[in-house]
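**Q** My questions will all concern the structure given below.
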Amino acid sequence: MDPTKIGIDQDFFLKTFAALAEIGRDPNGQGYQRLAWSRAEREAHRWFRNQSEQLGFEVWTDHAGNSFADFSPLADSEVPALTIGSHLDTVPYGGAFDGGLGVVAALTAAKAIRDSGVPFKRPLRVAAFTDEEGPRFGTGLLGSKAVSGALDMDLVRQAQDVDGIRLQDAMAEFGCDLESLPLVRQTLKRFYGYIELHIEQGPRLERAGLPLAAVTAVTGIRQIRLTFQGKSNHAGTTPKEDRQNTLRAAAETIAQFSAYVDATDNLVANPGRVQVHPNATNVVPGETRLDWDIRSPDPQLLDQATRKLAQLAQAASAPFHIVSEDKIFHDVPPCPLNEKWTGIIEASAKVLNLPITRLVSWAGHDAGVLGRVIPSAMIFVPSRDGISHAPEEFSSDAAMLEGTRLLTQTTLAILTERRAE
Ligand code: GLV
Ligand code: MN
Ligand code: MN
């Protein structure tokens, strides 16, 4: 028998995507500012819950500020739900597509499956996760980590943004209690598995001329803060041999470690943020904090790189009589995705007559956290010019609709699988 094919409501997708794209748009046309626990991000969650209610789904939230919309044809509400979705926060000056696509596509897929009347054997859930991105508090993937029980509460308690606002206070402003985050883990038993549609955020699909990819693994991400401690002093009068210039040590570390990374396959690293104290042209900077983002799908390479970075920072500090300290503040291990479900994505693409390839994701995703505790899978659609985390981020309507069709078909295939009792 031919597998069931169901259509999606394209107008619903396009209108809903356009409505979400109104929230948190930068007033100067510089993309989006839906940073975690900002008014705009919380507004996007409220919008999501309203949309879901209008569709007749049952809406709930948790202590992490995640929002969910459930639809179940079953009398037994204890059966774990197949969950589809993404996140609603953006990086500063981010795009409308990273996260937004996955949430709107999941609503569209859930609506299509519900309207089709096809009988299925599990509840279906649409998820909008909190703080996937992390640049504000350094707490990326907070929502999915809370669900999977992977949160480091010590780090979360210390988290604050550049303005000194503590995560705890930012959450409290929206009625969420940071100390209740560990309770979120109790909801994990309500999740059967997770599927996320996302833009690729890189150039590989576009260059290959292919519309879709099934993701085989999500990269590991380690973010490390190097703190160089020297002594502030006068930029003119301090003798050369007395200068404890922490910014020079940081710059030397950037050069040395970048050369190591460039010569190592399967490893990338980004020196993305520097905070210099006192940040004045005529003062030798007495303290510099340098934040690195290091990625690899290979956990051993991540460990090697971490050791190398600390060594190089110390070596760069020695000539300036500076002390350097390294601290991991965000750590997500690499995550292979579910092989069987990746195969179901490919089989579903075949049903829809759509070409598909396989890719590793070098971006982090909630699927890379949930994939450690429940079966998880991902679908990518092309990003124009491979640009993401920038205002120019773009994927065409046609590409997004193809991805949404594949998400719908894959979700249906898994929902209609026989349930092991
Ligand atoms: C999140 O999008 C990341 O890859 O940093
Ligand atoms: Mn994303
Ligand atoms: Mn992102």
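**Q** Tell me which lysines have Cα within less than 21 Å of residue 350's Cα, excluding those fewer than 8 residues away on the same chain?
**A** Cα-Cα hits under 21 Å: 5, 340.
**Q** Cα to Cα, under 15 Å, and not fewer than 8 places away if on the same chain: which aspartates and glutamates meet these conditions relative to residue 15?
**A** 397
**Q** Right, another one. In whole Hz, what ³J(HN,Hα) sequence does the range 29-40 give by Karplus (6.51, -1.76, 1.60; θ = phi - 60°), x for Gly and Pro?
**A** Residue by residue, the range 29-40 yields x, 9, x, 10, 10, 10, 5, 3, 6, 8, 4, 5 Hz.
**Q** With an 8 Å Cα cut-off and a minimum separation of 6 or more residues, compute the relative contact order for the range 35-164 in percent.
**A** 27 percent
**Q** Also: Going Cα to Cα from residue 231, which aspartates and glutamates come in below 12 Å? Please leave out same-chain ones fewer than 8 positions away.
**A** Filter leaves 242, 287.
**Q** How large is ³J(HN,Hα) for each residue in the range 286-298, as worked out from phi by the Karplus curve 6.51 cos²θ - 1.76 cosθ + 1.60 (θ = phi - 60°), to whole Hz, x for Gly and Pro?
**A** Per residue, the Karplus-derived 3J(HN,Hα) values read x, 9, 9, 10, 10, 9, 10, 10, 10, 9, 6, x, 10 Hz.
**Q** Would you grab the residues whose amide H sits under 5 Å from the one on residue 81? Only those 5+ places off in sequence or on another chain, please, with H modelled 1.01 Å from N.
**A** Amide H to amide H, under 5 Å and 5 or more residues apart or across chains, residue 81 pairs with 191, 192.
**Q** Still on this structure: So what J values fall out for the range 15-24 if you push phi through Karplus, 6.51 cos²θ - 1.76 cosθ + 1.60 with θ = phi - 60°, rounded to Hz, Gly and Pro as x?
**A** So the Karplus estimates, Gly and Pro as x, are 5, 5, 4, 5, 5, 5, 5, 7, 8, x Hz.
**Q** 7 Å from Cα along Cα→Cβ at both residue 304 and residue 321: what's the point-to-point distance in nm?
**A** Those two pseudo-labels are separated by 3.7 nm.
**Q** Charges at C-beta only: +1 for Lys and Arg, -1 for Asp and Glu. How large is the resulting dipole of the chain about its Cα centre, in Debye rounded to 20?
**A** Using only the charged Cβ atoms, the result is roughly 440 debye.
**Q** What's the ranking of 309-316, 323-330, 151-158 by average number of surrounding C-beta atoms within 10 Å, highest first?
**A** 309-316, 323-330, 151-158
**Q** Going by C-beta contacts inside 10 Å, put 410, 90, 4, 357 in order with the fewest on the left.
**A** The order, fewest Cβ neighbours first, is 4, 357, 410, 90.
**Q** Here is a follow-up. Between beta-carbons, use under 10 Å as the cut-off and find the net charge around residue 203, counting Lys and Arg +1, Asp and Glu -1.
**A** 0
**Q** What's the center-to-center distance, using Cα atoms, between the range 207-281 and the range 360-397 in Å?
**A** First find each Cα centre; the distance between them is then 25 Å.
**Q** Residue separation times 0.36 nm, minus the C-alpha to C-alpha distance between residue 277 and residue 419: what's the value?
**A** Contour length minus Cα-Cα distance gives 45.2 nm.
**Q** Could I ask something else about it? Can you sort 104, 276, 118 from fewest to most other Cβ atoms within 10 Å of each residue's own Cβ?
**A** Sorted ascending by nearby Cβ count, the order is 118, 276, 104.
**Q** Antiparallel versus total DSSP beta bridges in the chain: what percent is that, nearest 5?
**A** About 70 percent, rounded to the nearest 5.
**Q** Okay, helix-only estimate at 222 nm for the chain: each DSSP H run of n ≥ 4 adds -39500 (n - 2.57), divide by all residues, round to 500 deg cm²/dmol; what do you get?
**A** Result for the chain, helices only: -10500 deg cm²/dmol.
**Q** Non-local amide H neighbours of residue 267 (under 5 Å, H modeled in plane, Pro and chain starts lacking H): which ones?
**A** Hits under the 5 Å cutoff: none.
**Q** Something else about it: Please compute the net charge surrounding residue 343, taking Lys and Arg as +1 and Asp and Glu as -1 over other residues with Cβ under 12 Å from its Cβ.
**A** +1
**Q** What ranking of 298, 291, 265, 177 emerges when the number of other C-beta atoms within 10 Å of each C-beta is taken as an exposure proxy, fewest first?
**A** The most exposed by this proxy come first: 265, 177, 298, 291.
All of the numbers you see were taken from the coordinates with simple rules; none came from a lab. This is a predicted model, so every value here is computed, not measured. Please note: Cβ atoms are built from the backbone with ideal geometry, for glycine as well, and neighbour counts cover all protein chains shown.
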